[in-house]
Amino acid sequence: MTLALALCAAPLSAQNFNLDFGEPANQPPATYAAAAGPGYWNSIRAENGHDYPLRDLAGNATGVHVFTSGSAAPITSTDPSVTGDDALLMNDGTITYDSSFGSNFYVEGLAPGTYDLIVYAWRPDVPAQMAETFVDYTIGLYDTGGAWPGGHVQGITYARFTVTVFGNGEIGVHSGLAGSADPAIGAVCNGMQLRRIEEQTPFCFGDGSGSACPCGNSGAPGHGCENSSSTGGALLTSSGTTIPDELVLAATGEKPTALTIFLQGTASVAAVPYGDGLRCVSGSLRRLFVRNASGGAVSVPQGVDPSITARSSQLGDPIPVGATRFYMTYYRDPDASFCPGPSGGTFNASNCLSVHW
């Protein structure tokens with residue numbers, strides 16, 4: 001039971017892929033999201049000893065390719081409870097009957113970094129048959145299978161991993177028969193979705209490691225410049241994926257109830273004085289969200305807020321896949337005596353963050 005996936009270097013704009021294993025006639029449309037997001041689906045018949053070029057989510061050729069070996073054969077089955085585009089992905093795949101050696105996929109051309117990897121492993125006509133999936137050097141050994149739940153559910157139709165691709169550009173993914181599975185029935189791998197997520201990099205610190213803060217008011221390591229509440233300065237961080245857009249920006253260390261503006265720019269510049277802090281965000285600027293902090297902390301989006309990409313589009317700056325945007329907060333600090341002089345003011349700023357979408 002083996003399924004290996006090796007990843008090496010390529011342009012960063014091509015680090016996101018949808019793969020559908022099985023017959024080309026069953027390829028899902030690009031509008032189909034499955035569990036990770038829409039985009040072009042590469043149809044991979046997964047015949048033993050074949051090499052397939054991959055296209056990115058926009059359907060562009062990338063130079064990335066996948067070599068397949070070890071699988072018994074492609075398989076097409078029918079589960080009447082699975083319909084529409086879900087059926088195009090899940091009612092076919094590549095099958096293995098060997099409890100010790102399964103299907104192998106070798107993908108070359110990806111850059112080192114952190115990836116969100118989804119592996120669909122579900123036997124359509126015998127859904128109770130369990131598959132087992134794990135990734136080399138990655139935490140997790142997951143069984144998948146069970147009655148179709150009406151949509152994709154982790155642990156039933158797919159296993160999900162956060163995978164680190166090291167400098168050699170290689171990882172290994174293994175999927176095949178679970179310990180309780182019947183080799184006579186076999187285990188099916190239906191497809192994969194791969195998204196690069198390590199694209200969120202902090203910069204422009206007001207901690208004294210780079211440009212000096214306006215009044216020598218250096219903050220804590222990695223933070224923005226110190227403020228009048230002596231919190232160590234505001235710290236802007238991010239969490240979540242960019243594809244699909246589940247990114248959350250969070251600022252801490254601000255004044256307790258500070259009015260806060262989340263600023264987005266299309267370029268970065270060398271640090272310039274900005275109120276009591278520094279600014280490195282430039283280009284076409286958008287005020288994405290305006291919120292009040294609570295206990296010096298504030299995050300967006302929240303509740304019914306649109307996602308960051310949706311909000312950016314609303315403001316006239318649609319963000320294409322592969323683009324980079326730059327973020328910071330600036331927030332009210334009304335103590336004008338804290339940082340007097342021509343560079344000072346009644347507001348301060350966090351560190352900055354670059355995000356590759």
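Details
- Percent of Cα pairs in segment 141-285 per distance bin of 5 Å, from zero to the largest separation: 2, 7, 12, 14, 13, 10, 8, 8, 8, 7, 5, 4, 2, 1, 0.
- 20 Å reach of a label modelled at ALA58, 7 Å along Cα-to-Cβ, counting backbone N of segment 192-215: 194-200
- Å² per residue, accessible surface of segment 224-357 at 1.4 Å: 38
- Cα-derived Rg over Rh, computed across segment 289-357 with Rh taken as Kirkwood radius: 1.06
- Cα gyration tensor category, rounded, prolate or oblate, for segment 222-283 with a/c compared to 1.5: oblate
- Under 5 Å between amide hydrogens, built in the peptide plane, is the criterion, and for THR241 it picks out GLU246, LEU247 among residues at least 5 positions away or on other chains.
- In the chain, Cα pairs under 8 Å separated by at least six residues give a relative contact order of 15 percent.
- 10 Å-binned pair-distance histogram of the chain (Cα, whole percent): 6, 23, 26, 18, 14, 9, 3, 0
- Cα gyration tensor category, rounded, prolate or oblate, for segment 63-115 with a/c compared to 1.5: oblate
- Nonlocal amide H pairs with ARG279, under 5 Å, H built at 1.01 Å: VAL272, TYR274
- For segment 96-119 versus segment 216-291, the gap between their alpha-carbon centres in whole angstrom: 38
- Segment 235-302 - percent relative contact order, Cα under 8 Å, separation 6 or more: 38
- Per-residue ³J(HN,Hα) for segment 115-132, Karplus 6.51 cos²θ - 1.76 cosθ + 1.60, θ = phi - 60°, Hz, x for Gly and Pro: 10, 8, 10, 10, 10, 8, 9, 8, 8, x, 8, 9, x, 6, 5, 9, 9, 10
- Estimated translational diffusion coefficient (Stokes-Einstein, Kirkwood radius over Cα pairs, 10 °C, 1.306 mPa s) of segment 1-153: 100 µm² per second.
- Local electrostatic count, GLY232, Cβ distance below 12 Å [Lys/Arg +1, Asp/Glu -1]: -3
- Rounded, prolate or oblate (a/c below 1.5 giving rounded, otherwise prolate when a/b exceeds b/c) for segment 134-185 by Cα gyration tensor: oblate
- Across segment 305-310, coupling constants 3J(HN,Hα) worked out from phi with the 6.51/-1.76/1.60 Karplus curve, θ = phi - 60°, read 4, x, 5, 4, 5, 5 Hz, and Gly and Pro carry x.
- For GLY345, the residues 5 or more places off, or on other chains, whose built amide H falls under 5 Å of its own are ASP276, CYS339.
- Within the accessible area of the chain (1.4 Å probe), percent carbon and sulfur: 55
- Summing Cβ point charges (Lys, Arg +1; Asp, Glu -1) relative to the Cα centre of the chain gives a dipole of roughly 1160 debye.
- The modelled label-to-label distance between ALA128 and GLU47, using points 7 Å beyond Cα along the C-beta direction, is 3.6 nm.
The values are calculated or read from the model by the stated rules, or taken from the named source; none is laboratory data. Values in this document were obtained by computation on a predicted structure and should not be read as measured data. Neighbour counts run over all protein chains shown; Cβ positions are idealised from the backbone, glycine included. Calculation scope for accessible area: heavy atoms of the full protein, side chains included, ligands and nucleic acids excluded. Shrake-Rupley method; radii C 1.70, N 1.55, O 1.52, S 1.80 Å.
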